[in-house]
1. Would the range A:85-101 turn up any residue that is surrounded by fewer than 21 Cβ atoms within 10 Å (Cβ to Cβ) and within 13 Å of chain B (Cβ to nearest Cβ)?
2. The conditions are (1) within 11 Å of another protein chain (Cβ to nearest Cβ); (2) in contact (Cβ under 8 Å) with a residue 40 or more places away in the chain; (3) not in a loop (DSSP other than H, G, I, E, B), and residue A:19 fails exactly one of them. Which is it?
3. Mind telling me which of the residues A:125, A:68 ends up being surrounded by fewer than 24 Cβ atoms within 10 Å (Cβ to Cβ) and within 11 Å of chain B (Cβ to nearest Cβ)?
4. Sort through A:82, A:116 and tell me the only one that's free of Cβ contacts under 8 Å to residues at least 24 places away in the same chain, surrounded by fewer than 22 Cβ atoms within 10 Å (Cβ to Cβ) and within 22 Å of residue B:100 (Cα to Cα).
5. Across the range B:203-250, what is the number of residues that are in a loop (DSSP other than H, G, I, E, B) and under 28 Å from residue B:182 (Cβ atoms)?
6. Could you check the range A:91-128 and list, in sequence order, the residues that are away from ligand 3 (no atom under 13 Å from the Cβ) and either part of a loop (DSSP other than H, G, I, E, B) or more than 20 Å from residue A:78 (Cα to Cα) (or both)?
7. Between a residue in the range B:17-34 that is on the phi > 0 side of the Ramachandran plot and any residue that is crowded, with 18+ Cβ neighbours inside 10 Å and part of a loop (DSSP other than H, G, I, E, B), which pairs come within a Cβ distance under 8 Å, given they are 6 or more apart or on different chains?
8. So which helices (runs of 4 or more DSSP H) are wholly in the range B:39-156 and hold at least 2 residues that are within 16 Å of ligand 2 (Cβ to nearest atom)?
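What follows is calculated from the coordinates using simple rules that are stated; it is not laboratory data. Keep in mind it's a predicted model, so treat the numbers as computed, not measured. So basically every Cβ, Gly included, is an ideal-geometry build from the backbone, and we count neighbours across all protein chains shown.
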Ligand SMILES: Cc1cc2nc3c(=O)[nH]c(=O)nc-3n(C[C@H](O)[C@H](O)[C@H](O)COP(=O)(O)OP(=O)(O)OC[C@H]3O[C@@H](n4cnc5c(N)ncnc54)[C@H](O)[C@@H]3O)c2cc1C
Ligand code: FES
Ligand code: FES
């Protein structure tokens, strides 16, 4: 057991965790933040993507103990109160999900890519989005509407010039 | 995952000491190879020594004609570095094509080079550019470092500190990604260096990354994509698996070599 201090969705969290605890298990089992999904055990599906210190990472491939002092944002932390994050709203508007299992990871990866491309002053077009989604697998939608949603959200965020991370 | 004890030493000396005193210790860098392996019960180290907290283990700097990259520098940092883009753009491009964005935010160059996966990208750049692997105790030339798939010259409890890449005149990397894993089905790194044409191939051989002498000889005479066509690419010792057989890989070596040379401009 090791004591870890984290900030999760803006709130300080302190827990004793076994050294083998993955961040995904810590979020789901200890904090009951079950919006972060676990879809594989090979680190390939991306359903578990969260932001650690503002960057997308696979929470199933990081140890909670190694993240002492880190800021973590999960899908539960991106909306502002009842107002959806523009990425969530765009997924809704474009019907970018069917079963929804991959969606939390898609949204967290989508926000991360919009942030990175904005910071670099680069355009995020449909082809780039497809390439950027390499680490997120969807078994239902065929990706078209996911790509459209991210493209639209990127435009909305750019247009509003609102902070892309609500909670970071 | 089997039980393990996590340590985060503050110095390289403490990390080496930790590895030495552990029953079966392993270094932890980005964890993008080690943790999936542990989850699948294919590795069960008694102790994990996390090197990410050690001062000076990550970062990028230019020393004259040498680009120096700390072992714990992430793939995303290498891909996004203006120093790398200016000194060896092919290396930044290679890093930007590893796995996916989330893997690149965590995975490190030192972890990749230490692991020496026969389908990993970085080993080809390290070998073709004639980089030096600097560890806690010595410097190892790339040509002495890679010793077959997952095998390196690293000794017990030896830690890579940084990699030193001499700037080539020109270099390019062409990769045919495995559509499922994104690792290289075949990757070819071509460098035009002071020592002549260097061509390193990853993803193809059962003994891991290697330099292709035939391609190097052809390019030394005529540094053009057409020069690649006349070279015999033997598939002997190449991997055959559900993704590609040896002959297909041999053909990909030629196609990727052509693309890399064409990209040199
Ligand atoms: C979904 C997915 C896709 C991927 N795709 C690719 C790809 O396309 N191309 C590619 O090349 N790789 C790919 N990878 C692997 C990735 O690049 C890893 O980050 C890398 O191979 C290992 O680096 P790491 O920092 O994560 O090391 P870790 O997993 O932490 O460690 C790997 C090994 O190296 C040892 N080690 C780590 N640092 C050092 C050091 N400084 N000195 C000595 N030993 C050390 C560790 O003890 C361990 O044995 C992929 C991984 C995943 C999960
Ligand atoms: S659950 Fe993390 S990548 Fe699949
Ligand atoms: S919506 Fe079902 S997996 Fe993507």
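1. Looking through the range A:85-101, none of the residues is surrounded by fewer than 21 Cβ atoms within 10 Å (Cβ to Cβ) and within 13 Å of chain B (Cβ to nearest Cβ).
2. (3)
3. Details: A:125 fails: within 11 Å of chain B (Cβ to nearest Cβ).
After ruling out the rest, the residue left standing is A:68.
4. On the way: A:82 fails: within 22 Å of residue B:100 (Cα to Cα).
Checking each option against the conditions leaves just A:116.
5. So the first thing to find is which residues in the range B:203-250 are in a loop (DSSP other than H, G, I, E, B), and the list is B:203-204, B:206-209, B:212, B:222-224, B:230-237, B:239-245.
In the following step, the residues that additionally are under 28 Å from residue B:182 (Cβ atoms) were identified as B:203-204, B:206-209, B:212, B:231, B:233-237, B:239-245.
Looking only at that region, the number is 20.
6. A:120, A:121, A:122, A:123, A:124, A:125, A:126, A:127, A:128
7. Close Cβ pairs satisfying both conditions: B:31/A:62.
8. Numbers: elements: B:75-80, B:82-87, B:89-96, B:101-106, B:109-115, B:122-128, B:142-145.
Hits in the range B:39-156: B:101-106.
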